[in-house]
Every structure is written in C-alpha cells, then in structure tokens.
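Participant: Quick one: this structure, given as structure tokens, is what I'll be asking you about.
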Amino acid sequence: MDKINIFKEILKRKIKSDIIYRDFFVTAFNDINPVAPIHIILIPNNYIKNINNVNNSDIFILGKMLLVCSKIAKYKNIDISGYRLVINCNKDSGQEIDYFHIHILGGKFLGNFICNI
C-alpha cells in the first residue's frame, strides 16, 4: 500500500502530528485529511498490519482501543450526539495505510450507513 508508513513515522515522532491521546499501548491523532469535523485516527503502538493479522495475543489491545475510542468521544463531546468507528481492511475497503487503525468520526450528522453489496 504505502512505501513510507506514515503511522510508524508518527509513532517515532519523525512526522509531526496533532496527538490527541497517547499511552503505552495506543496513540490517537487528528487525521490530516478529515472527512468529518472530528476525525481522529487511533493506532496500536505495536505494529499490526490489518485486522486479518490480529491474533489471540492482541485481545487486550483491541479492548484497550475500543475503551480509548469511547474516552476520546467523551473528551470531544460527541459521546451523546453520536460518532462512528470505522476499520478498513485491505485495498477494496479503502485502507490506505498498511497499519491497523480505527477512524473515530463525529461532530455532525453522518447519515445512515448502508452497504449495498
């Protein structure tokens, strides 16, 4: 997908980013090309290629990521009005960065999400 993995560079602090949350396990930052007024990317600090590469040892980090999503929603005051979490996997889904991540979207009515298959 990407030659230089921008998420790895953000974690190494080689690329400056607007960090919203960081702890030992995860890092969250504002998306540089937001599709909603609030568009935050949450990544694990240890590399996971995509959801297909998650294994039993990642169960804690997945739970931690969901917990942090809800904390960020409260911090950004979108917990009551609503927000959307998006995880893409591989090219056909639109995954652009080869690094497992969750998009946290909110700040406006996002519409009904209907997938026509």
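The values are calculated or read from the model by the stated rules, or taken from the named source; none is laboratory data. Keep in mind it's a predicted model, so treat the numbers as computed, not measured. Positions of Cβ are generated from backbone atoms using ideal geometry, with glycine treated the same way; all protein chains shown enter the neighbour counts. For accessibility, only protein heavy atoms count, side chains too; no ligands or nucleic acids. Shrake-Rupley method; radii C 1.70, N 1.55, O 1.52, S 1.80 Å.
Participant: Would you mind stating whether N77 is out of contact with any Gly (no Cβ under 8 Å at 6 or more places or on another chain), open to solvent by 40 Å² or more (accessible area, probe 1.4 Å), modelled with pLDDT of 95 or more and more than 21 Å from I6 (Cβ to Cβ)?
Facilitator: yes
Participant: Could you please find all residues in the stretch 1-44 being part of a loop (DSSP other than H, G, I, E, B) and surrounded by 13 or more Cβ atoms within 10 Å (Cβ to Cβ)?
Facilitator: Once the filter is applied, which keeps residues that are part of a loop (DSSP other than H, G, I, E, B) and surrounded by 13 or more Cβ atoms within 10 Å (Cβ to Cβ), the stretch 1-44 yields N5, I15, S17, F25, D31, P34, A36.
Participant: Condition (residue is open to solvent by 60 Å² or more (accessible area, probe 1.4 Å), touching a Cys at 6+ places or on another chain (Cβ under 8 Å), without any contact (Cβ under 8 Å) to a residue 60 or more places away in the chain and not acidic (D, E)) applied to the stretch 84-95: is it met by at least one residue?
Facilitator: Yes.
Participant: When Y47 is evaluated against the numbered criteria (1) touching a residue at least 12 places away in the same chain (Cβ under 8 Å); (2) in a loop (DSSP other than H, G, I, E, B); (3) more than 21 Å from G111 (Cα to Cα); (4) open to solvent by less than 90 Å² (accessible area, probe 1.4 Å), which criterion, by number, is the only one it fails?
Facilitator: (4)
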